[in-house]
1. Answer with yes or no whether residue 110 is in contact with an Asp or Glu (Cβ under 7 Å, 6 or more places away or on another chain), at pLDDT 95 or above and crowded, with 19+ Cβ neighbours inside 10 Å.
2. Within region 19-76, can you find the residues that are under 17 Å from residue 152 (Cβ atoms), in contact with a Leu (Cβ under 8 Å, 6 or more places away or on another chain), hydrophobic (A, V, I, L, M, F, W, C) and in a loop (DSSP other than H, G, I, E, B)?
3. Considering only residues of region 138-159 that are out of contact with any strand residue (DSSP E or B) (no Cβ under 7 Å at 6 or more places or on another chain) and under 28 Å from residue 88 (Cα atoms), which is modelled with the lowest pLDDT?
4. Inspect all residues belonging to region 62-82 and state whether any of them is crowded, with 20+ Cβ neighbours inside 10 Å, of a type in the set (Ser, Thr, Tyr) and closer than 26 Å to residue 193 by Cα.
5. Go through (1) touching a Gly at 6+ places or on another chain (Cβ under 6 Å); (2) within 29 Å of residue 162 (Cα to Cα); (3) modelled with pLDDT of 95 or more; (4) of a type in the set (A, V, I, L, M, F, W, C) one by one and return the number of the condition residue 20 breaks.
6. With respect to the numbered conditions (1) over 27 Å from residue 65 (Cα atoms); (2) of a type outside the set (D, E, K, R); (3) surrounded by fewer than 16 Cβ atoms within 10 Å (Cβ to Cβ), which one is the sole condition not fulfilled by residue 174?
7. Return the residues of region 181-197 that are out of contact with any Leu (no Cβ under 6 Å at 6 or more places or on another chain) and part of a loop (DSSP other than H, G, I, E, B); say none if nothing qualifies.
8. Within the bounds of region 157-178, is there any residue that is closer than 20 Å to residue 28 by Cα and not polar (S, T, N, Q)?
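The values are calculated or read from the model by the stated rules, or taken from the named source; none is laboratory data. Every value quoted in this text rests on a predicted model; they were computed, and no experiment measured them. Because the Cβ atoms are built from the backbone with ideal geometry, glycine has one as well, and the counts that use them run over all protein chains shown.
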Amino acid sequence: MSMPQADSPVTGFRPFFNPATGEWITYTALAEDSDGQLVRFTWRSVPGGVITEHIHPRQEERFTILAGEAHFTLNGAELVAGAGETVVVPAGVPHSEGNPGPGEIDGVVELRPALHTKEWHEALAGLVADGKTTPRGAPKNPLQLGATFWYFRHESRVTSPPIWAQNLMLPPLWALAKAFGVRPYYDHWDSRIRGAG
């Protein structure tokens with residue numbers, strides 16, 4: 001099996017699964033499609049899937065539910081969104097998503113501006129796929145934790161441990177990670193499908 005050439009045209013994106021969160025993601029619009037203004041992906045959450053509480057410090061996130069019932073917390077308030085409903089999460093607002101079942105949730109998610117959201121999602125799923133995380137999706141290697149979670153801090157921050165504690169803990173781990181060659185993102189996680197060109 002030959003590796004695709006770096007200069008091959010992108011023909012689409014493969015879906016990827018994060019078993020720690022129970023979500024399938026397939027990108028449909030990238031930063032370069034909108035001068036950095038937007039990323040969009042189809043989102044499918046399996047029964048039992050949970051995305052723990054986090055914030056997007058600099059991005060608005062918009063969930064449009066196509067099928068199923070998505071359970072959200074938004075700044076501590078619980079809400080349920082069904083088919084045809086949209087939930088908008090302003091930048092900096094703590095939120096979580098879950099699927100208590102019994103069926104899957106299908107939706108479309110958009111984040112504005114795009115930042116490095118695609119690579120962040122690929123890194124989270126890639127670390128799990130590579131067997132480098134706890135069952136909840138946290139990197140087992142503290143250097144990988146520092147590398148990935150500090151590098152992508154503008155895209156997403158978990159709310160526990162508190163962000164002030166993360167601000168003390170993650171930068172030294174990131175510095176050590178760089179010294180030991182641990183990168184925040186690896187190219188084999190890229191979900192782009194490239195043509196044979």
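1. No.
2. Passing the criteria: only 20.
3. Of everything passing the filter in region 138-159, 138 is modelled with the lowest pLDDT.
4. no
5. So residue 20 meets the others, but not (3).
6. So the condition that residue 174 fails would be (3).
7. 181, 183, 184, 185, 186, 190, 191, 195, 196, 197
8. Checked against the condition, which is being closer than 20 Å to residue 28 by Cα and not polar (S, T, N, Q), region 157-178 yields no hits at all.
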